[in-house]
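The structure appears below as structure tokens.
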Amino acid sequence: MSRVLTIWHGISSYTIQIIYTETNPNVRQIFLVIIDRFQTSLENNNSLSELQNYCNDLITNKPDKIVFNSNNFSLISENILVSLIQNNHNLKMNEVQIWNHVLKWGLDQNPGLPSDPESFSEDDFSTLKNTLQQCIPLIKFDNFSSKEFLDNVFPYREILPEALFIDLIKLFLDHDHKPTDQPEPEEIKEIEPEAQTFERIETQSTSASNIPNIEPQQIFNSANITNIVSNIITLEHAGLILRWINGLDLNASYDFTLIFRSSLNGFKCKKFHDLCDRIPCTVTIIKVRDSNEILGGYNPIEWKSDSKYATAYDSFIFSFDKNKSVENHILSRVKKTNFAISHHGSRGPSFGEGDLILRGGKLFNNSVCTKASYDRPIRNSISKFSVEELEVFQITKKFSFF
């Protein structure tokens with residue numbers, strides 16, 4: 001076994017030398033694509049960690065040379081593309097150029113699509129929208145000029161979320177307009193008079209920072225999250241969840257207002273519905289009992305107790321490991337939108353037909369996660385679990401008039 005590891009170490013060192021010294025960008029890109037394709041193997045093999053870390057740093061620090069200007073750009077994975085867009089301070093290109101590269105990548109993933117968007121069918125737009133669903137929310141469209149938007153974005157308007165497109169139209173028709181997040185056309189229960197609820201989700205981003213030890217009743221403040229008190233998640237978790245929800249205005253400030261906590265309010269489904277029904281734009285956070293798992297979901301519409309499934313287009317569920325960095329997460333977006341939210345009175349906050357269901361008379365001890373209505377499972381196990389702690393927050397956007 002030691003001899004095998006020695007061979008692997010030699011291969012690792014040789015590959016680093018090639019990537020570092022090779023002047024031909026296409027040769028360097030080939031090695032980086034190999035690294036990307038074997039990312040899982042690298043992560044699980046400490047003997048190759050040096051190679052993995054080197055390539056990650058190289059891609060992150062020189063993305064325009066190593067990735068975007070490569071002939072093999074279309075071969076990179078979605079995860080790397082999303083990470084590069086998120087960390088676009090290292091990109092020596094403007095937002096329009098980033099958008100055009102993202103479009104090219106999306107089209108290259110679907111070689112059957114026409115090159116001219118005027119020739120797209122409804123199914124073609126749907127295919128491209130699904131391919132780029134993780135990237136679109138990361139594009140800062142409000143940095144475009146009106147002409148840039150008209151020339152580069154408007155032809156692909158069908159792949160944008162409707163609320164985002166309407167907001168951008170308002171922005172470019174009225175330069176004094178500031179993008180806002182529009183609520184569902186339902187009665188909204190206000191938490192604070194100066195706060196306005198919102199319900200757009202759209203982005204995935206990652207952070208490589210380590211999660212500190214979680215202490216009860218941690219209180220966090222930042223430029224984007226003005227207040228959150230949680231027994232389960234840290235500021236890093238909350239910031240990442242916020243960016244998944246809000247893909248437009250990362251400079252705005254938000255409140256995470258606690259409306260339910262099982263250690264205070266109990267583990268009864270009725271109590272959850274008493275406190276949370278008729279409240280939209282909520283994030284559910286779950287600490288799984290006897291596990292490092294943190295599960296959760298975002299519900300853009302109001303909770304109800306009518307024993308029906310509700311339609312939501314922007315809901316998602318997720319999971320973290322509390323002992324690992326926030327980049328070790330799973331994000332799962334709704335696919336069967338008419339089954340997005342479970343409004344069954346005998347359940348706690350639940351998503352999909354089985355994707356994240358809280359039920360059971362003691363500590364929600366009959367809870368399950370089984371892929372059904374969302375695009376991927378958020379647990380590695382389909383076994384039942386119990387809840388150690390449950391928190392529900394309403395997210396509200398702060399406005400400043402000064």
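Worth pointing out:
- Förster radius 22 Å - calculated FRET efficiency between residue 78 and residue 328 (Cβ-Cβ, nearest 0.05): 0.85
- Per-residue HN-Hα couplings for the stretch 149-157 [Karplus 6.51, -1.76, 1.60; θ = phi - 60°; Hz; x = Gly/Pro]: 5, 5, 7, 10, 10, 4, x, 10, 4
- Taking a ≥ b ≥ c as the square roots of the eigenvalues of the alpha-carbon gyration tensor, the stretch 225-398 is classed rounded because a/c is under 1.5.
- Three-way shape label, the stretch 75-163, alpha-carbon gyration tensor, a/c 1.5: oblate
- Cβ crowding within 10 Å averaged over residues, with 317-323, 144-150 ranked highest first: 317-323, 144-150
- Overall Cα dimensions of the stretch 245-318 - principal axes, largest extent first, Å: 36, 33, 20
- For the pair residue 94 and residue 146, label points projected 7 Å from Cα toward Cβ lie 1.6 nm apart.
- Equivalent ellipsoid semi-axes - Cα gyration tensor, the stretch 263-364, angstrom: 21, 18, 11
- Computed from backbone phi with θ = phi - 60° and the Karplus coefficients 6.51, -1.76 and 1.60, the 3J(HN,Hα) list for the stretch 353-367 is 6, x, 5, 7, 10, 9, 7, x, x, 10, 6, 6, 7, 10, 7 Hz; x is used for glycine and proline.
- Less than 5 angstrom separates the built amide H of residue 132 from none of the residues sequence-distant by 5 or more or on a different chain.
- Using a probe of 1.4 Å, the accessible surface attributed to residue 154 totals some 70 Å² when neighbouring protein chains are kept in position.
- Cα-projected label distance for residue 118 with residue 270, points at 7 Å along beta-carbon direction, nm: 6.5 nm
- Amide H contacts of residue 348 (H built 1.01 Å from N, under 5 Å, at least 5 apart or other chain): 358, 359
- Selected from 301, 345, 285, residue furthest toward positive end of dipole (the stretch 225-398; charges at beta carbon): 345
- For the stretch 225-398, size of Cβ-based charge dipole, Lys and Arg +1, Asp and Glu -1, in debye: 420 debye
The values are calculated or read from the model by the stated rules, or taken from the named source; none is laboratory data. Because the structure is a prediction, the values reported are computed rather than measured. As a convention, Cβ positions derive from the backbone with ideal geometry for all residues, glycine included, and neighbour counts pool all protein chains shown. These area figures cover heavy atoms from the full protein model, side chains too; ligands, DNA and RNA do not enter into them. Shrake-Rupley method; radii C 1.70, N 1.55, O 1.52, S 1.80 Å.
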